[in-house]
Amino acid sequence: MSKFKNAYIPTGGYWSSPFCRWQGSLQNENAIILCANTIKKAMSERQLDPKIFDGVFLGYTIPQPACFYGTPWLAAMIGAEGVSGPIFSQACATSTTAIGYAAAAVDQGMYSNILVALADRCSNGPHMVFPNPVGPGGQVIHENWLMDNFGNDPWAKNAMIHTAENVAKEAGITREECDAMALRRYQQYTDGLANDRAFQKRYMVALDLKMGKKTVVVEADEGVFPTTAEGLAGLRPALPGGVITFGAQTHPADGNAGFIVTTKEKAQELSKDKNITVKLLSYGYARAKKGFMAAAVVPAAQMALDVAGLKVADLKAVKTHNPFAVNDVYMNKMMKIDDKIVNNYGSSLVFGHPQGPTAGRCIAEMIEELIILGGGYGLFAGCAAGDTAAALTLLVE
């Protein structure tokens with residue numbers, strides 16, 4: 001493997017909608033249609049024409065009506081008819097992998113300017129029914145797409161929360177460490193709300209929702225719970241004898257995100273600030289032993305660093321998808337990362353997890369943080385279903 005040589009993101013060439021806790025304002029919106037509408041608004045705000053794209057990569061994990069036609073349908077809705085591309089679905093690693101493969105495709109000259117569109121709606125997930133003519137009385141096989149898969153890995157035979165508890169037990173991570181991490185992550189999220197949400201407004205696109213004859217605007221995240229040390233201490237573990245409470249894990253959400261991945265020359269042309277470059281450096285991936293999902297983040301992150309020729313000491317900002325506080329406690333310990341550079345301004349532990357676009361929002365936040373810091377190297381890493389993980393490194397200069 002080698003680091004990417006000519007894969008860039010224009011400054012401002014990324015965005016995220018607000019994330020809304022499931023069964024909130026976005027519960028009845030088709031995630032792909034809503035994503036297309038967000039892209040059109042983001043492109044308009046940036047004064048960019050959707051016809052600039054020669055490829056569209058779509059990432060989602062939860063089926064929506066008509067998603068069989070996902071990428072060409074979305075491309076046509078945004079005004080990029082005649083353009084298409086693949087669909088990516090890797091649970092919580094969907095954003096990371098879609099951006100990584102887009103970078104590789106640009107680097108190899110397959111495309112020159114790719115839109116990476118990322119969308120999911122955890123609310124009102126589909127109830128799947130499969131024929132089973134040889135079953136007793138021909139009874140069907142059924143699956144609640146979201147809850148059944150949250151609760152059972154068909155290979156490891158456990159729920160996702162069990163994988164975090166397994167890592168905590170093996171690594172000696174305590175309830176107190178998890179609570180302290182959850183409180184810190186909430187405090188970091190509130191930093192992004194300062195000055196009338198000045199940080200979030202650097203990348204966030206408000207959603208315009210049609211409700212009857214009215215248009216409702218969703219400008220900010222919905223459903224973030226206030227967090228205190230006393231409140232966390234009073235919660236029972238989610239599993240008997242465990243270290244994780246409902247205050248130290250994420251919540252399902254709805255939302256979308258988007259990125260432009262292109263060449264250095266095109267990024268310069270499309271950038272909001274032409275004095276800043278955002279270069280994608282490397283992609284990493286890993287799979288941990290069965291039932292230890294939270295542990296997969298470390299080898300994925302290390303692969304991305306090694307491919308880019310970087311060390312932890314070189315990093316100025318780190319973002320993670322942290323469905324459980326255990327994830328960050330473990331990663332910081334194993335990789336000896338100073339938590340002062342990890343998840344400033346927000347993380348999925350607090351603002352929620354729509355799955356497909358989650359990592360995308362984190363990466364957008366990391367780019368903006370590095371711009372504020374005057375540039376530097378950044379690492380994103382996050383786990384995904386099946387005891388897997390994916391990571392990206394980039395350079396802002």
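Since every read-out is calculated from the coordinates, none of them should be taken as a lab result. These numbers were taken from a predicted model, which means no experiment stands behind them. Heads up, the Cβs are rebuilt from the backbone with ideal geometry, glycines too, and the neighbour counts pull from every protein chain shown.
Would you please name the GluC sites (Glu not before Pro) within region 185-255 that are DSSP coil residues with at most 16 other C-beta atoms within 10 Å of their C-beta?
Qualifying residues, ordered by number: GLU219.
How large is the helix-only mean residue ellipticity at 222 nm for the chain, computed as the sum of -39500 (n - 2.57) over DSSP H runs with n ≥ 4, divided by its residue count, in deg cm²/dmol to the nearest 500?
Estimated from H runs of four or more residues: -9500 deg cm²/dmol.
Once amide H atoms are built 1.01 Å from N in the peptide plane, which residues 5 or more positions from ASP221, or in another chain, come under 5 Å H to H?
Amide H neighbours of ASP221, under 5 Å, 5+ apart: PHE19.
Taking amide H atoms as placed 1.01 Å from N in the peptide plane, list the residues 5 or more away in sequence, or in a different chain, whose amide H sits under 5 Å from that of SER282.
PHE4, THR393
Among the chymotrypsin sites (Phe, Trp or Tyr not before Pro) within region 107-190, which fall in a DSSP loop and have no more than 11 other Cβ atoms within 10 Å of their own Cβ?
Hits after loop and neighbour filter: TRP155.
Run through region 180-284 and list the trypsin sites (Lys or Arg not before Pro) located in a DSSP loop whose Cβ has at most 15 other Cβ atoms within 10 Å.
Hits after loop and neighbour filter: LYS213, LYS272, LYS274.
Over 24 Å between C-alpha atoms is what I'm after, so list which of LYS40/LYS213; LYS5/LYS316; LYS210/LYS274 land there.
With Cα atoms farther than 24 Å apart: LYS210/LYS274.
Please find the FRET efficiency linking GLN268 to GLN27, where r is the Cβ-Cβ separation and R0 is fixed at 30 Å, and quote it to the nearest 0.05.
Efficiency computed from Cβ-Cβ geometry: 0.15.
Multiply the residue gap between ALA104 and ASN132 by 0.36 nm, knock off their C-alpha separation, and tell me the result in nm, one decimal place.
Computed gain between ALA104 and ASN132 is 5.9 nm.
Suppose every Lys and Arg Cβ carries +1 and every Asp and Glu Cβ carries -1, with no other charges. What dipole size does the chain come out with about its Cα centre, to the nearest 20 debye?
260 debye
Within 10 Å, count the other beta carbons around each residue, average over each peptide in 374-382, 329-337, 167-175, 83-91, and list them highest first.
374-382, 83-91, 329-337, 167-175
For the cross-link pairs LYS279/LYS333; LYS3/LYS264; LYS41/LYS214; LYS3/LYS272, which exceed 20 Å when the distance is taken from alpha carbon to alpha carbon?
Table pairs above 20 Å Cα-Cα are LYS279/LYS333; LYS3/LYS272.
Find how much the distance from MET334 to LYS51 grows on full extension, using 0.36 nm per residue of separation minus their present alpha carbon separation; answer in nm with one decimal.
97.4 nm
Quick one: length gained pulling GLU230 to LYS40 fully straight, 0.36 nm per residue minus the C-alpha distance?
My answer for the length gained is 64.0 nm.
Relative to the compact globular guide of 2.2 N^0.38 Å, what is the alpha carbon radius of gyration of the chain, as a ratio?
It is 0.94.
Given +1 on the Cβ of Lys and Arg, -1 on the Cβ of Asp and Glu, and no further charges, what dipole in debye does region 326-395 carry about its Cα centre, rounded to the nearest 20?
Using only the charged Cβ atoms, the result is roughly 80 debye.
I need the shape label for region 116-163. Rule: rounded when a/c is under 1.5, else prolate if a/b > b/c, else oblate, with a, b, c from the alpha carbon gyration tensor.
oblate
Starting from the Cα gyration tensor of region 23-91, take the square roots of the eigenvalues, sort them a ≥ b ≥ c, and report rounded, prolate or oblate (rounded when a/c is under 1.5, otherwise prolate if a/b is larger than b/c, else oblate).
Judged from the Cα gyration tensor, region 23-91 comes out oblate (a/c at least 1.5, b/c at or above a/b).
Give me the dipole magnitude in Debye, nearest 20, for region 1-125 about the Cα centre, with unit charges on the beta carbon: positive for Lys and Arg, negative for Asp and Glu.
The dipole magnitude comes to about 200 debye.
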